[in-house]
Structures are given as structure tokens and as C-alpha cells.
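A.B. asks: Sharing a structure below in C-alpha cells format, with a few things to ask.
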Amino acid sequence: MNTKNDTDHSFSQKAMRLIAKTGFSRLARLMRRSHPEWNPRRWSNQELRRFGALFCGDLINVSGWNDEDKQGDVYANYFPNKGSYSISNFGGVRGASDGGREVSLDLSLPPDGEFSSRYDVVFNHTTLEHVFDVSTAFDVLCDLTRDIVILVVPFMQIEHWAKDSYRDYHRFTEFGIISYFEERGFRVLYISSNHNPVFPIYFFCVASRQPERWGGKFPTGELVWQKYSDNGDYKRSTGQHYKIME
């Protein structure tokens, strides 16, 4: 019997795993400090600020709780040329904020026509992962707008939920996002991500019902992928942003 050797080997394996885990944690912390722009909330806010001044008319932040951007500001200020600004919520944790200016809107129920084409711009930040019937949620967002939907959704993020309130059901790819919009007669004008190895990853997307209005307003280019096998397999590069629009 090699009980002692087996014990020593097991101890060595555990020690190596601990060292590796500690080393990775330190490296991840260093990378987060070195690349604050990879933080998904900071990054998506920056993307929104890049284009916010393009939009005017009636805007709504769907499921926006109290409109905070988690950086000390509110999203209403990201749209300096807006006409009106509304917020929708629907119960639960981070539901109605008692602000007195809210629209009650349930993304899990099909549109009933009450708010059809009520707004020029519909903004929704990291909500759709919490709606089980995500197809219906896209129906609602697209039904609300006369033209633009601005959407932020997670591609990679730890599962998160609140008891007796919301659950966590979905993660999204650019192919899925584009397909959901195209099925509803929209065209994606711009899509980007904060792909990186240490932070959660979001997609930021602008889609339009009237894309002909927006020629030259957004960065142009092709989707760029990194080929990683001879079988025609591709992947997204770290930190890469990508955009589409002819």
C-alpha cells in the first residue's frame, strides 16, 4: 500500500490548485484595474453617450427602475435632444420606483395596442435575460417604437435573480439579436461588445424600423472574426468591437 505517497500526491494537487486559483484571482484583479473600460456597465454607458445626442422626440426607458446609470447619473441625461422622457416598470424588486412618472408595462405579455408606436426611441438595459418568453419581450419593445430600439443584453454574466421577483433565463449572441429584430421588420444599425477575459460581457445594439433615415450616422464596417481552426470555426477576439451598416 502507498497510503503516504497517495496522501502526499493529493496534498500536492490541492496545493497546486490553490496556487493556480490565487494566481488567477490576482491576475484578474490586475487586469480589471488596468482595463476599467472593460467593465460592462461603464462600457455600455460610454457607448450610449456616443450616440445619445442623435435621438430626439419621445423616449422611454423600459424596465428602467429609477433610471440610474450606476455611475452617479440618470439615463435621461444621455439624450440631450429628447422631447419627452418616460420610464416603465412592473412590480417586484427594482420594479415600480414610486416616482410618479412611470408607465406600467409587462414585457412577458403580448402588446395590446395601448402603447403602440407611442415613442420614437425605446431604450432597454439588461432586462431581457429576466423574461422567460423573450420573443414576446422583443414584440413589446418593437411595438412601442415608431423607429429606434436601443438594447443592452448580456452575452456572458453570472446567473443572478431575486426571490419572489425576477429569475434569470437567457444569454444572447449577435446572431440572435439581429434575427429577433429582423423578424420584426427592423434592421440593426450598430452592434458592439466589450469582449474581454475578466469582466461580464454585454452587447450594445441600435436597431431601426426606418434604417434609410440613419445613413452615415453610425460607424460602418463588417463583422470581423478570428479563425481558429482549419474546419472554418471562428471566435470573437478579446476587447474587440464590431459594427455593421452599409
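The values are calculated or read from the model by the stated rules, or taken from the named source; none is laboratory data. This structure is a prediction, so every number in the text was calculated from the model and none was measured. Because the Cβ atoms are built from the backbone with ideal geometry, glycine has one as well, and the counts that use them run over all protein chains shown.
A.B. asks: Any residue in region 146-169 that's more than 19 Å from LEU107 (Cβ to Cβ) and not assigned by TED's automatic domain parsing to the domain that holds ARG209: show its pairings with residues that are modelled with pLDDT under 75 and among the charged types (D, E, K, R) at Cβ separation under 8 Å, as long as the two are six or more apart or on different chains.
C.D. replies: none
A.B. asks: Hey, can you tell me all the residues within region 122-179 that are more than 14 Å from the chain's Cα centre (by Cα) and at positive phi?
C.D. replies: Within region 122-179, just ASP164 meets the criteria.
A.B. asks: Can you spot a residue in region 189-205 that is surrounded by fewer than 16 Cβ atoms within 10 Å (Cβ to Cβ), out of contact with any Leu (no Cβ under 7 Å at 6 or more places or on another chain) and hydrophobic (A, V, I, L, M, F, W, C)? Outline the logic, then answer.
C.D. replies: In the first step, residues of region 189-205 are kept if they are surrounded by fewer than 16 Cβ atoms within 10 Å (Cβ to Cβ); the result is 197.
In the following step, the residues that additionally are out of contact with any Leu (no Cβ under 7 Å at 6 or more places or on another chain) were identified as 197.
Then keep just the ones that are hydrophobic (A, V, I, L, M, F, W, C); that gives none.
Among the residues of region 189-205, not one is surrounded by fewer than 16 Cβ atoms within 10 Å (Cβ to Cβ), out of contact with any Leu (no Cβ under 7 Å at 6 or more places or on another chain) and hydrophobic (A, V, I, L, M, F, W, C), which makes the answer no.
A.B. asks: Going through region 68-91 one residue at a time, which ones are of a type in the set (D, E, K, R) and either outside the structural domain of SER165 (by TED's automatic domain parsing) or over 14 Å from ARG41 (Cβ atoms) (or both)?
C.D. replies: Result: LYS82, single match.
A.B. asks: Go over the candidates ASN77, ASN89, ASN45 one by one and state the one that is closer than 20 Å to ILE201 by Cα and either without any contact (Cβ under 8 Å) to a residue 24 or more places away in the chain or buried (at least 16 other Cβ atoms within 10 Å of the Cβ) (or both). Steps first, answer last, please.
C.D. replies: Working: ASN77 fails: closer than 20 Å to ILE201 by Cα; ASN89 fails: closer than 20 Å to ILE201 by Cα.
The match here is ASN45.
A.B. asks: Can you pull out the residues in region 119-152 that are over 19 Å from PHE51 (Cα atoms) and in contact with a helix residue (DSSP H, G or I) (Cβ under 6 Å, 6 or more places away or on another chain)?
C.D. replies: Selection gives LEU128, VAL131, VAL134, ALA137, PHE138.
A.B. asks: Identify the residue in region 65-74 that is out of contact with any strand residue (DSSP E or B) (no Cβ under 8 Å at 6 or more places or on another chain) and at positive phi and, among all such residues, is surrounded by the fewest Cβ atoms within 10 Å (Cβ to Cβ).
C.D. replies: GLY72
A.B. asks: I would also like to ask the following. Which residue out of GLU222, GLU183, GLU159 is surrounded by fewer than 14 Cβ atoms within 10 Å (Cβ to Cβ) and modelled with pLDDT of 95 or more?
C.D. replies: Answer to the selection: GLU183.
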